[in-house]
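Notes for the one structure printed next.
Read the figures in this text as sums done on the coordinates, not as results from a lab. In this text the structure is predicted, and so the values were computed from the model without any measurement. A quick note on method: Cβ atoms are made from the backbone with ideal geometry, for glycine too, and the neighbour counts reach across all protein chains shown.
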Amino acid sequence: MPSGCEAHFTVSYTQKNGCLKLTDKSATNHNHPLNADLYAHYPKHRKLTETEEKTITEYIQCEPTNSGLLNTVQQKFGKAWTLSDLKNFKQKGMFSV
């Protein structure tokens, strides 16, 4: 765990009804803030799928502003892209930055 957080819970799966059941939540104290915005900014949640990358690549050909492109990624895909993500994407595709 990158933050050293020791909070954890246990779930079990039952084939009978195909449900997950919370069986233990004894360690629920976190040593970090619990915040959906922070979670959305984790790299794995900002990564685009291949289909999303193709869409953005086509959009870049129209030479949008950086802020317009960031807004498009947020609105179309719900990803909290940063300016660094955009610059890295453009560099990877060898677009003008």
- Taking segment 21-41, which residues are farther than 30 Å from Thr82 by Cβ and surrounded by 10 or more Cβ atoms within 10 Å (Cβ to Cβ)? Lys21, Asp24, Lys25, Ala27
- Note on the structure: Out of (1) acidic (Asp, Glu); (2) loosely packed, with under 10 Cβ neighbours inside 10 Å; (3) in contact (Cβ under 8 Å) with a residue 24 or more places away in the chain, the one Glu6 does not meet is (2)
- Query: Among Glu63, Glu52, which is charged (D, E, K, R) and in a helix (DSSP H, G or I)?
  - Reply: Glu52
